[in-house]
Structure formats: C-alpha cells, structure tokens
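The values are calculated or read from the model by the stated rules, or taken from the named source; none is laboratory data. Owing to the predicted nature of the structure, the values given are computational and were not obtained by experimental measurement. With ideal geometry, Cβ positions are generated from the backbone for all residues, glycine too; neighbour counts draw on all protein chains shown. Areas reflect the complete protein model, heavy atoms only, side chains present, ligands, DNA and RNA absent. Shrake-Rupley method; radii C 1.70, N 1.55, O 1.52, S 1.80 Å.
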Amino acid sequence: MTITPAREIAFRVLLRVTEGAYASDLLRRESNGLNERDASLAESIVMGSLRHRSQLDFLIVHFAGRATLKLDPEVRVALRMGVYQLRYLDRIPAHAAVAESVELVKLARKRSAAPMVNAILRKVDRDPVPWPDRATELSIPQWMLDRWRTQYADDAEGIARAALGEPQAYVNEATGRQQDIGAQSIVPLLEIEPGMTLLDLCAAPGNKTAQAIALGARVIAADRYIKRIDAVPGDAARVVLDATEALPFTTKFDRILIDAPCSGTGTLAHNPEIKWRLKSGDLAEFQIRQRQMIERALPHLLPSGLMVYATCSLEREENENVVEGFRVIKMQIRLPSREPGDGFFAAVIRAT
C-alpha cells in the first residue's frame, strides 16, 4: 500500500523530534513541494501528536488492553499518529489512518510489530475515556502542572489547556511580519522615539528588530549564530556575538533589548515538544546565562536609557529571579488563556 506524502513526512518529522529536533523547523523544510492539503495534514498530525502526547500514550495502552507496553520509538510514533487521526481529526477515513500506520511500521523495518499496530488501531473509537489523572487529561508533565499551580493558582490549568489548541496566527501591521500577539507586546515597553539607538541582543529571527526599526530606532542587532542573523532585517547593523561574554562596543545606547533564550514554556502551543523535553533542572542553567546577559549589557546603557529583559518562559527562575537586584521599574507577564497569544515575561530596567 502506498503511504501518502503527508503521513510519511509526519512520521519522519516525529521521529526526528524524539532525537532532539524541533517540529516547526523540520516541517518547513520537509513540506517544500507538497500541495497545500498534504502540508496541512502533515502539520496537523505532527503538532497534534505532540500536543496530546500524554493522552495518546494512555489511549494506546487502553485500547491494547494491557497495563504496560514496551514499544520501539518507530512503533510508538506510528501508534500515536494513528490514534490521533482516529480520535481527534475529522474527515480522515479510518481505514487510511489504520492501514498507513501499519505501513509506516513496516517502512521502519519493524514488520513484526505490524499485526499489533493493526489490532490496537482497529479498536480505537471516540467514546469518552476516564483519564487516570489531571496531568494526562491536560497532556502536560505532572511536575510542570504542579509548579504552575504553585505559581499561578487557578490559571495553571488554563495555561495547560491553551497548549492543546492550535495557536492563532497574527501579523504585525507595522512590519508585515507574522508575529505572535504576545511577542508584539515587548518592544512598546522600550518607549522608542525616532532616532534613538537600540542594541538588540539575541535578535533572530528579527521580528522585534523590525518593530523597533518601524518606530524609527537605529538598531544594532546581534545574535550568537551567523545562520540565524540572516533573518534579521538588513536595515539593522548585524553582528554575530555571544551576549554572555564581554560586548565589543565602545558606545552606549539609548535602549537595549535582551530577548533571552529560555525554556520557552510560554510557547507550548507553537512548540509542544518543549513540554516533553524540558526538565526542571534545566531552568537553573538558563538562569545563569540570562543573568550574565544583563550584567554584560548594562554597562552599555546610557544613564537615561531603558533596558527590557524578556523571555517567552512562564518560570520564575528565568524571570523574576533573573532580574532580582537590578533597578526594575516595571514588570509584565502574559499568560496563555488569560491573554491572547503566547506567554511572555518582561522587565523594564534602568541603568544602575
């Protein structure tokens, strides 16, 4: 049986994600040349399988009728794809979802597992299933849900639920770029006036750089990797550097933006693999680099200037704890489900 391009690409992408790749990046590359329908189906299967992973793993065991299952990665991915299509997608012929999942297992040279995959998927229906716990129902790691309950109380489950939905696409009218509405809220905190100088650290992919340029700023945009800096608008002076090290500037700037690399827990609807990849111990490592960036950048801020430190993280270790001890004059946090778009934290800092 022929496997449709959409399912074959989705299978390949999901396997690569288990090895550490990012789904959105792979989908952009793998979907080149696909028609719109196949590209949309591939994206739906990949993102849906990642967003609902806890639910899918529970359903696999439920329909298998066993307490535990030891599965090779290729077999588990094929089963997740099949269950997702059968339970969550409309207008997908059941026979296609089942048969092609079986063929994917064979393609991956796991032919001995094909009868089991076929048997499990043929039992899948859409009847309500009692979830074993709230974390499985919300398809979120228990440790992540627990810490959000501690930090955000009644908003915690809404944040997790928002990560299950397909995110709305937004376009920044000032730049013409696709940019999440939450991300658009950061640059206004800089209070940029035409002619001001801005040092934009960690600038790629350049959406916030473009916002600042549209407001009339003269921008130096920096990022750690040359392949990422290419996406930054050419109207900015572009520099490759590591923002945790001493900065090579002899001048001071009116404004500095640090859009710091972080855990990304505010972007789980866009990047659902993060919730399965992140470990609580990772937050301390992010915090060290984030604080170094502020310490390196502050000497380059004019006495009358403003710095904005921002992350797309919801975790205190990367947000309030990072800016502790600096001259913070304002903080804002956007939570998925409470505000539209991704979650973001920002702190406005004055020169010391």
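Quick check on residue 161: is it touching a residue at least 24 places away in the same chain (Cβ under 8 Å), open to solvent by 50 Å² or more (accessible area, probe 1.4 Å), part of a helix (DSSP H, G or I) and under 24 Å from residue 138 (Cα atoms)?
So residue 161 passes the test.
Of everything in region 12-61, what is more than 19 Å from residue 268 (Cα to Cα), of a type in the set (Gly, Ala, Ser) and at pLDDT below 95? Give them in sequence order.
Result: 31, 33.
Name the single residue, out of those in region 230-243 being within 24 Å of the chain's Cα centre (by Cα) and closer than 25 Å to residue 173 by Cβ, that is most open to solvent (accessible area, probe 1.4 Å).
Within region 230-243, the match that is most open to solvent (accessible area, probe 1.4 Å) is 230.
I'm told residue 345 meets every condition in (1) open to solvent by 40 Å² or more (accessible area, probe 1.4 Å); (2) assigned to a strand (DSSP E or B) except one. Can you identify the failing condition by its number?
So residue 345 meets the others, but not (1).
Hey, among the residues in region 60-85 that are under 28 Å from the mean Cα position of the chain (by Cα) and not in a helix (DSSP H, G or I), which one's surrounded by the fewest Cβ atoms within 10 Å (Cβ to Cβ)?
If we take residues in region 60-85 being under 28 Å from the mean Cα position of the chain (by Cα) and not in a helix (DSSP H, G or I), then 72 is surrounded by the fewest Cβ atoms within 10 Å (Cβ to Cβ).
Within the group 246, 203, which residue is farther than 26 Å from residue 338 by Cα and surrounded by 19 or more Cβ atoms within 10 Å (Cβ to Cβ)?
Result of the check over 246, 203: 203.
Out of the residues in region 171-184 meeting the condition of being of a type in the set (Gly, Ala, Ser) and surrounded by fewer than 17 Cβ atoms within 10 Å (Cβ to Cβ), tell me which one is farthest from the chain's Cα centre (by Cα).
174
Here is a list of conditions, (1) within 18 Å of residue 257 (Cα to Cα); (2) in a loop (DSSP other than H, G, I, E, B), and residue 188 meets all of them except one; can you say which number that is?
Unmet for residue 188, out of (1) within 18 Å of residue 257 (Cα to Cα); (2) in a loop (DSSP other than H, G, I, E, B): (2).
Against the conditions (1) touching a residue at least 40 places away in the same chain (Cβ under 8 Å); (2) surrounded by fewer than 18 Cβ atoms within 10 Å (Cβ to Cβ); (3) within 27 Å of residue 308 (Cα to Cα), where does residue 131 fall short? Just the number, please.
(3)
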